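J.: This is the structure I want to talk about, given as structure tokens.
The values are calculated or read from the model by the stated rules, or taken from the named source; none is laboratory data. Small disclaimer: the values here were computed from a predicted structure and weren't measured. Positions of Cβ are generated from backbone atoms using ideal geometry, with glycine treated the same way; all protein chains shown enter the neighbour counts. Calculation scope for accessible area: heavy atoms of the full protein, side chains included, ligands and nucleic acids excluded. Shrake-Rupley method; radii C 1.70, N 1.55, O 1.52, S 1.80 Å.
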Amino acid sequence: MQAFPKLSEAWEFGINLGKHDETLQSKDEALMLKINNLSVVVNNGEATILSGFNLDVPAGEVHAIMGPNGAGKSTLSYVLTGRDGYDVTEGSVTYRDENLLDMEPEERAVAGLFLSFQYPLEIPGVPTLTFLRTALNAQLRARGQEELSAPDFMKRARSVAKELRIKPDMLKRPLNVGFSGGEKKRMEIFQMLLLEPAFIVMDETDSGLDIDALRVVADGVNALRSPERGMLIITHYQRLLDYIVPNKVHVLAGGKIAVSGDADFARTLEADGYDTYAA
Amino acid sequence: MIHMQPDAVISHFPHKRMEAWKWTDLRMSVSEEHMGLTRAVTPRLTLPDGVSCSPGNRHHGSSGVMPTLAAGFAPVCWNIRVPTGLNVQGPLRIDNLSGGHACMFIRVDKGASLDIEEYHQGPDRRFSNMDLQVHLAEGSRLRRVVVQNDPGNAVRVATACIAAEKHSILEQYMLSFGGALSRLETRLYSEGEGIEATMNGAYLLDGRRHTDMTGHVEIAGSHCTVRQSVKGVVTDKSRGVFQGKFHVKQAAQHTDARMRHDALMLSDTTEVRARPELEIYADDVACAHGNTIGALDENVLFYMRQRGIPQARSRSMLTEAFVAEAFDDLDDAASKQSLLTRVQEWLA
Ligand SMILES: Nc1ncnc2c1ncn2[C@@H]1O[C@H](COP(=O)(O)OP(=O)(O)OP(=O)(O)O)[C@@H](O)[C@H]1O
Ligand SMILES: [Mg+2]
């Protein structure tokens with residue numbers, strides 16, 4: 001784990017990781033996410049994006065997904081989080097022994113699934129902190145945990161913001177409205193650190209980040225690495241994987257995982273390109 | 001005083017073949033069963049210190065058939081006066097405006113300042129018709145906060161005619177939840193230079209409710225600023241109407257006037273009609289109008305749900321934020337909060 005010392009203090013406010021852990025270490029400790037023979041169509045069945053897709057992510061592991069533009073990486077992230085318009089025609093997704101595909105998007109969030117969006121949305125008129133407090137408390141309530149009081153939440157939010165070098169001013173503005181591309185990405189990580197999800201999907205969070213921000217973000221992600229958490233990191237660049245070293249690297253091409261390797265494999269890919277695997 | 005049978009009164013009402021009422025057919029919406037068609041109602045006024053009220057005659061202005069009928073049926077016009085230079089503390093509260101015709105005249109003298117809170121709400125099956133005339137003297141200020149919330153079978157017309165002298169300020173915020181038919185009309189006559197007017201509002205409608213917010217602004221003096229933003233939220237089979245007109249006369253150079261109407265349709269069985277109009281005879285002005293009608297952004301909703309906020313809550317948060325913009329500039333915290341609370345209650 002890389003250094004992110006002050007942040008870990010922040011975890012002690014309010015959120016009860018202990019309770020979280022109980023549910024995390026349920027029946028099947030080894031496999032957190034299991035995707036089996038998945039087929040996904042979009043546009044009311046007009047286009048098949050994923051087919052015969054298989055992927056297992058054990059708890060405690062970080063898997064990277066790379067692959068050419070349009071391969072279906074974001075599609076995968078949306079299927080996992082339950083976005084409308086992405087229809088599963090075959091296969092299954094099991095998350096901590098539950099059928100993920102049966103759950104509403106907000107139920108998946110409550111179960112600990114978090115997506116850092118490739119293109120974060122703007123929420124007009126809703127201040128960032130209001131939004132996040134609502135989200136955090138909605139999750140806590142749904143899990144039967146105690147909600148965070150306004151002052152406790154503020155303390156925590158300020159502390160996390162400081163670590164991510166987010167100006168307090170920004171937290172008063174409507175979420176993402178008028179934020180720069182990099183600021184939006186940083187805000188995704190801010191939300192992630194506040195919500196402490198059990199399973200994280202990051203869709204090109206590194207794109208648009210400057211070098212310093214990339215470091216800060218990677219430190220934040222690494223601070224969340226734990227034996228109970230799983231992560232799926234979608235990226236085009238080796239650079240991020242230098243900071244967040246994955247257990248496995250997969251190439252998504254032709255609707256499925258075309259090839260997998262270890263952390264070094266990403267380097268080979270960067271040198272050789274996808275063509276060899278995408279055929 | 002005039003004497004007429006209810007059916008005769010109704011036959012005088014404006015209807016959809018009249019341009020200004022084409023989306024709000026008053027005549028069709030009223031029946032003889034509506035109580036209040038031929039009688040006057042005495043508004044209940046809570047007067048703050050320094051504000052006087054006496055029964056008197058109506059000042060004659062050409063403000064249309066409904067105000068004329070109100071004047072005809074109401075035996076007196078309540079004359080309210082704020083003396084020169086007085087900065088009135090606390091609001092003038094006006095309620096009990098249901099089930100009849102009412103006629104009021106408010107004069108805010110030179111340099112004086114007044115806040116009004118109007119509550120237009122009442123029992124079932126009432127017909128209500130208010131005629132409010134306002135005179136803002138030089139350098140005076142009026143803030144008018146209007147809440148309208150009637151039963152689904154009540155019909156209401158409320159017309160305010162405001163004449164503003166130079167350097168006066170009007171701040172108007174309306175919140176309407178409709179009725180069988182509600183027409184809230186504001187006519188502003190900017191007669192001097194440097195007048196500042198804000199005319200914002202929001203309507204939230206469900207069932208078969210209907211609200212019509214109509215504004216007519218005539219600008220005759222130079223350097224006037226007008227801001228109008230009306231937000232609409234409609235669901236079920238409700239109907240929202242917005243009509244706005246800025247008439248900028250030749251002498252009204254350096255007018256800065258902006259009009260917006262934005263409506264959110266929460267179901268596809270609703271109807272929204274909007275007519276924003278500019279009529280400009282001065283050449284050095286900045287005038288604009290905008291009108292949008294749309295639905296909540298599904299992508300934004302998904303994003304919120306991904307963060308764990310349940311769907312219904314996501315929808316109400318976005319809707320509230322959309323409506324709240326109309327009250328952003330209201331600088332009385334208590335008043336603003338009370339409007340927002342009503343919005344939240346409607347959304348809950
Ligand atoms: N709603 C949709 N309707 C039609 N086609 C879609 C839809 N959503 C995605 N697609 C198509 O599915 C394919 C996969 O898109 P996706 O966004 O998942 O790619 P990606 O791997 O994330 O690409 P990138 O690296 O550019 O982000 C693309 O060809 C895209 O055009
Ligand atoms: Mg993508």
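J.: Which one is farthest from the other protein chains (Cβ to nearest Cβ), of the residues in segment A:247-268 that are open to solvent by less than 10 Å² (accessible area, probe 1.4 Å) and more than 16 Å from ligand 2 (Cβ to nearest atom)?
T.: It comes out as A:266.
J.: For a quick check of your reading of the model, give me the residue pairs whose first member lies in segment B:229-249 and is among the polar types (S, T, N, Q), whose second is not in a strand (DSSP E or B), with beta-carbon atoms closer than 6 Å and at least 6 apart or on different chains.
T.: Sorted first by the residue in segment B:229-249, then by its partner, the pairs are B:229/B:326; B:235/B:206; B:235/B:266; B:235/B:267; B:238/B:206; B:238/B:209; B:238/B:270.
J.: May I ask you to list the residues in segment A:78-99 that are over 16 Å from residue A:198 (Cβ atoms) and within 16 Å of ligand 2 (Cβ to nearest atom)?
T.: The answer is A:78, A:79, A:83, A:85, A:86.
J.: Okay, moving on. For segment B:261-294, enumerate the residues that are within 14 Å of chain A (Cβ to nearest Cβ) and open to solvent by 60 Å² or more (accessible area, probe 1.4 Å).
T.: B:292
J.: May I ask you to verify whether residue A:199 is farther than 19 Å from residue A:119 by Cβ, within 14 Å of chain B (Cβ to nearest Cβ) and out of contact with any His (no Cβ under 8 Å at 6 or more places or on another chain)?
T.: Yes.
J.: Restricting the first residue to segment B:254-281 and requiring it to be of a type in the set (D, E, K, R), which pairs with a second residue that is in a strand (DSSP E or B) and surrounded by fewer than 17 Cβ atoms within 10 Å (Cβ to Cβ) meet a Cβ separation below 6 Å and a spacing of at least six or different chains?
T.: Qualifying pairs under 6 Å: B:256/B:286; B:258/B:227; B:258/B:288; B:260/B:290; B:262/B:292.
J.: Here's a follow-up. Please go through segment A:131-152 and pick out each residue that is at the interface with chain B (Cβ under 8 Å from one of its Cβ atoms) and surrounded by fewer than 20 Cβ atoms within 10 Å (Cβ to Cβ).
T.: Once the filter is applied, which keeps residues that are at the interface with chain B (Cβ under 8 Å from one of its Cβ atoms) and surrounded by fewer than 20 Cβ atoms within 10 Å (Cβ to Cβ), segment A:131-152 yields A:134, A:142.
J.: Right, another one. Residues that are within 16 Å of ligand 1 (Cβ to nearest atom): which helices (runs of 4 or more DSSP H) entirely in segment A:73-156 hold 3 or more of them?
T.: Those helices (runs of 4 or more DSSP H) span A:73-81.
J.: Filter segment A:241-273 down to the residues that are free of Cβ contacts under 8 Å to residues at least 40 places away in the same chain and within 21 Å of residue A:186 (Cβ to Cβ) and list them by number.
T.: A:242
J.: A further question follows. Can you tell which of A:167, A:155, A:172 is surrounded by fewer than 16 Cβ atoms within 10 Å (Cβ to Cβ), away from chain B (no Cβ under 12 Å) and touching a residue at least 60 places away in the same chain (Cβ under 8 Å)?
T.: After ruling out the rest, the residue left standing is A:155.
J.: Answer yes if at least one residue in segment B:321-330 is on the phi > 0 side of the Ramachandran plot, modelled with pLDDT of 95 or more and of a type in the set (Gly, Ala, Ser), and no otherwise.
T.: no
J.: From the set of residues in segment B:298-344 that are among the basic types (Lys, Arg) and within 13 Å of another protein chain (Cβ to nearest Cβ), which is nearest to residue A:129 (Cα to Cα)?
T.: Among residues in segment B:298-344 that are among the basic types (Lys, Arg) and within 13 Å of another protein chain (Cβ to nearest Cβ), the one nearest to residue A:129 (Cα to Cα) is B:307.
J.: Moving on. Open to solvent by 10 Å² or more (accessible area, probe 1.4 Å), at pLDDT 90 or above and either within 16 Å of ligand 1 (Cβ to nearest atom) or under 26 Å from residue A:100 (Cβ atoms) (or both) - does that describe any residue in segment A:197-204?
T.: The answer is yes; a qualifying residue exists.
J.: For segment B:215-228, enumerate the residues that are within 17 Å of the chain's Cα centre (by Cα) and surrounded by 21 or more Cβ atoms within 10 Å (Cβ to Cβ).
T.: Scanning segment B:215-228 gives B:215, B:217, B:226, B:228.
J.: Let me ask another. Here is a list: A:244, A:189. Which entry is closer than 20 Å to residue A:156 by Cα, at pLDDT 90 or above and more than 16 Å from ligand 2 (Cβ to nearest atom)?
T.: From the options A:244, A:189, the qualifying one is A:189.
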